[in-house]
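Student: Pasting a structure below so you can have a look.
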Amino acid sequence: MAANSPSTVICSSRTASSLSDSIRITRLDRPIDAVVQVPGSKSITNRALLIAALADGTSELTGVLFSDDTRYMASALQTLGLDIALDEQRETARVSGCGGSFPQTRADLYVGNSGTTMRFLVAALAVGHGVYTVDGNARMRTRPIGPLLEALNMLGSSAHGLETPDCPPVRIEADGLAGGQCAIPGNRSSQYISALLMAAPYAHRDVEIMILGDLVSVPYLEITSAVMQTFGVAVEIDRRDYRALRVRAGQRYAGRAWHIEPDASNASYFFAAAAASSGRVVVPGLGSESIQGDLQFVRVLESMGARVTITADATEVIGPPPGRLRGIDVDMGSISDTAQTLAAIAPFAIGPTRISGIAHNRIKETDRIADLATELRRIGQTVEEFADGLLITPQPVQPAAIRTYDDHRMAMSFAVTGLVAGGIDILDPACTAKTFPDFFERLDLATEARTSA
């Protein structure tokens, strides 16, 4: 942990289900100064649950995130016949692996609006034997999955959209995965590629994935590779240009005990609050050994004038003096889940902030470019929208009720705006249950905490 860091630990257990239709964000009366315990990574939790389910033997996972997305994954795996013992109080999961063969040969699975659960499951089901359907909510039925289905079918699967070729619901008629070579666009979603990689060890032959065009969200691909390696499977990646990835046949996941680190994307809101309020935040457990690319968001804050310290076991952000936060021009293609966090504090910067490289954010939980522009304008900002991002020219923040579009990141990002400006109401705050059920409670505790240097 950084030297002279605050000693108060912030944590709570209230869930998003207890929230009303809107919540008023109270303006800070002094800079934030807190140690914030952030729950486990959603991205890592969903990868670890699936890989542990496919593994030989039993896995003991700690630091597990319990949120809508991870519950959809765990529930789907249980429906497929996996023995998974969950303990939310202790944040643990005990997973008895199936050795690559799901016990249930027929199942209808529902995943809400969890993109990782939808995409990861569809690929994993292809290695089994049986007939499966995977469906989601109305928004999920508009989120494309066609490139993943095409790639799976190149590898010998039989997977197709039931209503449209490109979107869920999906039907998988599984009889094992032959393997071989497939090609997939790199500019749509790295989740497609992660899904293929995690299923690949159980194909009959080596799997080689050729990436067409530029690859977005490379750090998430590295998370996938790291989690696979943790469970005993190697991924060969040409890191010169990320054009080719290979998984050798005959490898198998092995169950193990593993601790899941805090979620770097969700930590970004607290780090941003420190930067924008001239305050200080420390997040323990998220340090230099992190496998999450989104921790690099603190470097974005550093370029805006914040002071950043990353040690082996914690990250600290100290905001610049009042009036010294700088606008920047940044490509956030590799850390796109934090683009909204940056946009939320751009109104407090000196000069414009341009965010680029996030065209793929339009097919997330909502159109995260267009809807972000709408809400920024609602609070009085001058915004120019591009195909792959935004230019935000700061103006005085106007009071407003922020629509969240059933997108957890919209709610959490604009909560940070409210801390600095006041007058911000977040509509449908319970949408944070997707990845951070007690976000607002932890935010309240963090802003109430006062610690000594």
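Student: How big is the dipole moment of the stretch 109-190 about its Cα centre under a simple scheme where the beta carbon of each Lys and Arg is +1, that of each Asp and Glu is -1, and everything else is neutral? Debye, nearest 20, please.
Tutor: 300 debye
Student: Still on this structure: Any chance you could get the radius of gyration and Dmax over the Cα atoms of the stretch 300-444, in Å?
Tutor: 14.6, 41
Student: For the stretch 293-304, just list the computed ³J(HN,Hα) in residue order, Karplus coefficients 6.51, -1.76 and 1.60, θ = phi - 60°, integers in Hz, with x standing in for Gly and Pro.
Tutor: These are the phi-based 3J(HN,Hα) values: x, 5, 4, 5, 4, 5, 6, 5, 4, 4, 5, 8 Hz.
Student: Among the trypsin sites (Lys or Arg not before Pro) within the stretch 164-207, which fall in a DSSP loop and have no more than 11 other Cβ atoms within 10 Å of their own Cβ?
Tutor: none
Student: Separate question: If you put +1 on each Lys and Arg Cβ and -1 on each Asp and Glu Cβ, how big is the dipole of the stretch 281-419 around its Cα centre, in Debye rounded to 20?
Tutor: With Lys and Arg at +1 and Asp and Glu at -1, about 440 debye.
Student: So what J values fall out for the stretch 96-112 if you push phi through Karplus, 6.51 cos²θ - 1.76 cosθ + 1.60 with θ = phi - 60°, rounded to Hz, Gly and Pro as x?
Tutor: With coefficients 6.51, -1.76 and 1.60, one gets 8, x, 9, x, x, 10, 5, x, 8, 9, 9, 6, 10, 10, 10, 10, x Hz.
Student: Would you grab the residues whose amide H sits under 5 Å from the one on residue 401? Only those 5+ places off in sequence or on another chain, please, with H modelled 1.01 Å from N.
Tutor: Sorted by chain and number, the residues that satisfy this are 425.
Student: Starting from the amide H of residue 41, placed 1.01 Å from N in the peptide plane, find each other amide H under 5 Å away whose residue is 5 or more places distant or on another chain.
Tutor: Those qualifying (amide H under 5 Å, at least 5 residues apart or on another chain) are 261, 263.
Student: While we're here: Identify, among 194, 105, 138, the residue whose Cα sits farthest towards the positive end of the charge dipole of the chain, taking +1 on the Cβ of Lys and Arg and -1 on the Cβ of Asp and Glu, with the dipole about the Cα centre.
Tutor: Positive-end residue among those listed: 194.
Student: Given the -39500 (n - 2.57) contribution per DSSP H run of 4+ residues, what per-residue ellipticity at 222 nm results for the chain, rounded to the nearest 500 deg cm²/dmol?
Tutor: Estimated from H runs of four or more residues: -8500 deg cm²/dmol.
Student: Still on this structure, please answer the following. Percent relative contact order of the stretch 149-222, based on C-alpha pairs within less than 8 angstrom and at least six residues apart?
Tutor: About 30 percent, as a whole number.
Student: Given charges of +1 on the Cβ of Lys and Arg and -1 on the Cβ of Asp and Glu, with all other atoms neutral, how large is the dipole of the stretch 42-245 about its Cα centre, in debye to the nearest 20?
Tutor: With only Lys, Arg, Asp and Glu charged at Cβ, the dipole is about 240 debye.
Student: Can you give the longest run of the chain that contains no GluC sites (Glu not before Pro) sitting in a DSSP loop with at most 15 other Cβ atoms inside 10 Å?
Tutor: Segment 290-453 is the longest.
Student: Just name one of 266, 223, 277: the one whose Cα is farthest towards the positive end of the charge dipole of the stretch 211-281 (beta-carbon charges, Lys/Arg +1, Asp/Glu -1).
Tutor: 223
Student: Taking amide H positions as placed in the peptide plane 1.01 Å from N, state which residues far from residue 113 in sequence (5 or more) or on other chains have amide H under 5 Å from it.
Tutor: Counting only residues 5 or more places away or on other chains, the set is 137.
Student: Here is a further query. Could you work out the relative contact order of the stretch 293-355? I mean the mean sequence separation of Cα pairs under 8 Å and 6+ apart, divided by the number of residues, in percent.
Tutor: 32 percent
Student: Can I ask one more? What list of ³J(HN,Hα) couplings, whole Hz, do you get for the stretch 231-238 from phi and the Karplus terms 6.51, -1.76, 1.60, once you set θ to phi - 60° and write x for glycine and proline?
Tutor: 9, x, 10, 9, 10, 9, 10, 7
Values in this text are rule-based calculations from the coordinates and carry no lab data. Please read all numbers here as calculations on a predicted model, not as lab measurements. Backbone-built Cβ (ideal geometry, glycine too); neighbour counts: all protein chains shown.
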